[in-house]
1. If residue 199 passes every condition in (1) surrounded by 14 or more Cβ atoms within 10 Å (Cβ to Cβ); (2) modelled with pLDDT of 50 or more but one, which one does it miss?
2. Go through 52, 141 for me and flag whichever is in contact with a helix residue (DSSP H, G or I) (Cβ under 9 Å, 6 or more places away or on another chain), surrounded by 21 or more Cβ atoms within 10 Å (Cβ to Cβ), closer than 25 Å to residue 171 by Cβ and at pLDDT 95 or above.
3. Could you grab me the full set of residues in the range 112-138 that are on the phi < 0 side of the Ramachandran plot and assigned to a loop (DSSP other than H, G, I, E, B)?
4. Of the residues that sit in the range 62-79 and are modelled with pLDDT of 85 or more and crowded, with 17+ Cβ neighbours inside 10 Å, which one is farthest from residue 122 (Cα to Cα)?
5. So residue 82 ticks every box in (1) under 15 Å from the mean Cα position of the chain (by Cα); (2) buried (at least 21 other Cβ atoms within 10 Å of the Cβ); (3) part of a loop (DSSP other than H, G, I, E, B) but one. Which box is left unticked?
6. Check residue 59 against each of (1) at pLDDT below 90; (2) part of a helix (DSSP H, G or I) and name the one condition it does not meet.
7. Among (1) touching a strand residue (DSSP E or B) at 6+ places or on another chain (Cβ under 8 Å); (2) at pLDDT 80 or above; (3) surrounded by fewer than 18 Cβ atoms within 10 Å (Cβ to Cβ), which single condition is residue 183 missing?
8. Tell me, please, whether a residue that is in contact (Cβ under 8 Å) with a residue 12 or more places away in the chain, within 19 Å of the chain's Cα centre (by Cα) and either over 22 Å from residue 141 (Cβ atoms) or surrounded by fewer than 15 Cβ atoms within 10 Å (Cβ to Cβ) (or both) can be found in the range 95-114.
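The values are calculated or read from the model by the stated rules, or taken from the named source; none is laboratory data. Computed from a predicted model, the values in this text were never measured in an experiment. Counting neighbours? That spans all protein chains shown, and the Cβs are built from the backbone with ideal geometry, glycine included.
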């Protein structure tokens, strides 16, 4: 499994770095990363994270399309804020998803880490949706997930993957900074302050979309 973990390490680091730069090539590279981690996690008995990789592939295809054509009038997508109503939906789905997945893992699998596996799985799904829609706060969800992932993978003796997720934390901070700057640039170009009620932006597209 060493070669699979190494390939997952390399493709994962490259994918997150590309996301931070809003480079659309993060999506196909991310799909390759999903294949590596599906094999790795299933073998390690982290079943929710293994199954998550399949969902990731579907979300990656959606994100690929959304970054190209998901903006206003089918233009390239811009960085926006998560609205209050979106947070309510995401929070509800997060609680229900974590509770249901924890019970499922505890009853139908031999998982030794059902709760952390469920929490990180749900956080990652919510973060990936936010990433696909270029929601600035998606980085905070990734950061929260990574803080849990590092000790989880260390506990399962996936040390290279644990180190990778320490690197992901640093890249997430970089991504948050870059997307925040891009959001501010878009607001300035549009000549309109951010709306605390909707968090939506209209105006010119950001400069770094590929």
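1. It is condition (2) that residue 199 fails.
2. On the way: 52 fails: at pLDDT 95 or above.
When all the criteria are applied, what remains is 141.
3. Residues of the range 112-138 that are on the phi < 0 side of the Ramachandran plot, as a first pass: 112-133, 135-138.
Within the range 112-138, 112, 113, 133, 136, 137 qualify.
4. 78
5. (2)
6. (1)
7. (3)
8. no
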